[in-house]
Amino acid sequence: MVSETQSAGNQRRSHFFIQKKTRSSLVGTSETTRTGTIYSQNFCQWLAGLIDGDGCLLVSKQGYTSLEITVGLEDLPLLRLIQNKIGGSVKIRSGAKAWRYRLHNKEGMKILIGCINGYIQHSSRLAQLHRVCQQLNISVVDPTIMTSSSAWFSGFFDADGTIGISIKNSYPQLSVRVANKLFQDVEWYKKVFGGNTYFDSSQNGYYHWSIQSKEDILKLHKFFAKHCRSHKSQRFFLVEEYYSLVSLQAYKPDSHYHKAWQAFIKKWNK
C-alpha cells in the first residue's frame, strides 16, 4: 500500500516538472490561478518548509480547501514569489503588522498539493494535509527523508529561524537558531546539521535548535543564502565578512579596523 501511494505521488509530482506554456486566469476576487508552470524540487521543498512553519492547510465546514501563509511586513516579496508561481491572493491583515497569502480555488489547491505532497514534515501540518487530500481525493505521499541538500530546511528557517550576533564577555558570538513548539520539528536540524537542542520555558515553551561554532555555520551558510528567501536570510551573505573581521579583532574599540566593524554592523542590522 505504501509503495503504491508513493508511486502515485511521484507520478503526480512529475507532472508539475514538465515544461508547458504558462497561462493565468482570474478566479473569484483578486485570486489568480497559474497552471502548467514548472516547479523545481527545490521550490516545492522550500514552500513545504515555509508552510510547515508559517502556513495552515484548511478545510471549511462546507468542504472547501485552502492554504494560508502569514508573514511579517518585511517579507511581502516572499509571498509575491509564491503568488506569481501558483496564484492566490495577498492582503495585509487588519490590525496586525503582517501580510496574509491565501489560496482557495480547487484547481490551485490541486496544483499546490502536487508540489508539496511528500515534503510536508510538521506534525500538525501533516494532519492538515491528510484532511485536504481526503477532500480533494488525492493520495498522501509519505514524508521524504531529508538531507543537507533539502530546501525544506531553508523554508522552515524563513518561517521560524533567526541568525544573530550577541556579545559575551566583550566577544561577538554568531548563532543560527530555529524554534518551534514541538521537539520533533526542530530535531531534524540537529540530525542533519549538528548543533544542540534545548527547551525554553518562556512564552508557553518552545524547543530551540542552535549552532554557534564557526565550522558548523560555514557548512550551511552558502546553502541557506542560496535557498532562503526571507529578509533575515540576507545575513547569510555577510557570514564570511563577519568571520574575517572577527579574525582581525575589529570588534574591539581600539582596533584599527573598528570603523569597518561598525560599518558591518550597520549592514547587518539594515
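Couple of notes before you dig in:
- Note on segment 68-112: residues that are over 18 Å from H231 (Cα atoms) and over 15 Å from the mean Cα position of the chain (by Cα) amount to 22.
- Pair list, Cβ < 6 Å and 6+ apart or interchain, from segment 157-171 residues that are more than 11 Å from R235 (Cβ to Cβ) and touching a residue at least 40 places away in the same chain (Cβ under 8 Å) to residues that are part of a helix (DSSP H, G or I) and of a type outside the set (D, E): D158/L50; A159/L50; A159/G53; D160/G53
- Filter result for F237 (under 32 Å from the mean Cα position of the chain (by Cα) and surrounded by 17 or more Cβ atoms within 10 Å (Cβ to Cβ)): no
- Some residue of segment 151-168 being farther than 22 Å from L57 by Cβ, over 16 Å from the mean Cα position of the chain (by Cα) and in a helix (DSSP H, G or I): no
- Flag if V239 is closer than 24 Å to L47 by Cα, modelled with pLDDT of 90 or more, part of a helix (DSSP H, G or I) and not assigned by TED's automatic domain parsing to the domain that holds I82: no
- In segment 119-150, residue farthest from I211 (Cα to Cα) [restricted to those that are small (G, A, S) and in a helix (DSSP H, G or I)]: A127
- Tally of residues being in contact with a strand residue (DSSP E or B) (Cβ under 9 Å, 6 or more places away or on another chain) and of a type in the set (G, A, S) across segment 198-243: 4
- Per the listing I69, I116, I92, I120, the residue uniquely touching a helix residue (DSSP H, G or I) at 6+ places or on another chain (Cβ under 9 Å) and at pLDDT below 95 is I92.
- Considering segment 175-212, the residues that are among the hydrophobic types (A, V, I, L, M, F, W, C) and out of contact with any helix residue (DSSP H, G or I) (no Cβ under 9 Å at 6 or more places or on another chain) include one that is surrounded by the most Cβ atoms within 10 Å (Cβ to Cβ), namely F183.
- Of all residues in segment 177-193, those that are in contact (Cβ under 8 Å) with a residue 12 or more places away in the chain have Cβ atoms under 7 Å from Cβ atoms of residues that are among the acidic types (D, E) and buried (at least 18 other Cβ atoms within 10 Å of the Cβ), 6 or more apart or on another chain, in V178/D160; A179/D160; N180/D160.
The values are calculated or read from the model by the stated rules, or taken from the named source; none is laboratory data. This one's a predicted model, so the numbers in the text were calculated from it and none came from an experiment. Because the Cβ atoms are built from the backbone with ideal geometry, glycine has one as well, and the counts that use them run over all protein chains shown.
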